Amino acid sequence: MRDVVSDRVECHSGYEYAERPVALWWEEHKLTITNIEAEWRTPEHHYFRIRVQDERCFELSYDECHDEWHTKPI
């Protein structure tokens with residue numbers, strides 16, 4: 001499995017930036033996020049385990065210091 005740095009994650013930003021991801025681009029396809037199954041934080045990252053419309057699961061992490069998204073299929 002590969003871990004990809006991607007700036008192609010679309011987010012809902014309310015109280016803070018990157019509050020909740022709503023879509024991501026994977027292998028040149030836009031995938032709509034249908035469910036956020038888990039969410040957690042470390043001092044440097046905001047993590048999400050998500051499911052997209054075709055039932056695949058991904059782990060997303062947002063590196064707040066470097067303003068980068070990392071996407072990994074799980």
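The values are calculated or read from the model by the stated rules, or taken from the named source; none is laboratory data. This structure is a prediction, so every number in the text was calculated from the model and none was measured. All Cβ positions, glycine included, derive from the backbone under ideal geometry; neighbour counts span all protein chains shown.
If you go through region 4-61, how many residues are over 17 Å from I74 (Cα atoms) and of a type in the set (F, W, Y)?
Total meeting the criteria: 2.
Got a sec? Which strands (runs of 3 or more DSSP E) wholly within the chain have at least 2 residues that are at pLDDT 85 or above and surrounded by 10 or more Cβ atoms within 10 Å (Cβ to Cβ)?
Correct list: 9-12, 20-26, 29-41, 45-52, 57-63, 68-73.
Output the qualifying pairs, or none if there are none: Cβ atoms under 8 angstrom, residues six or more apart or on different chains, first residue in region 19-34 and free of Cβ contacts under 8 Å to residues at least 12 places away in the same chain and at negative phi, second residue not hydrophobic (A, V, I, L, M, F, W, C) and not in a loop (DSSP other than H, G, I, E, B).
Once the first residue is free of Cβ contacts under 8 Å to residues at least 12 places away in the same chain and at negative phi and sits in region 19-34, its partners that are not hydrophobic (A, V, I, L, M, F, W, C) and not in a loop (DSSP other than H, G, I, E, B) give E19/H12.
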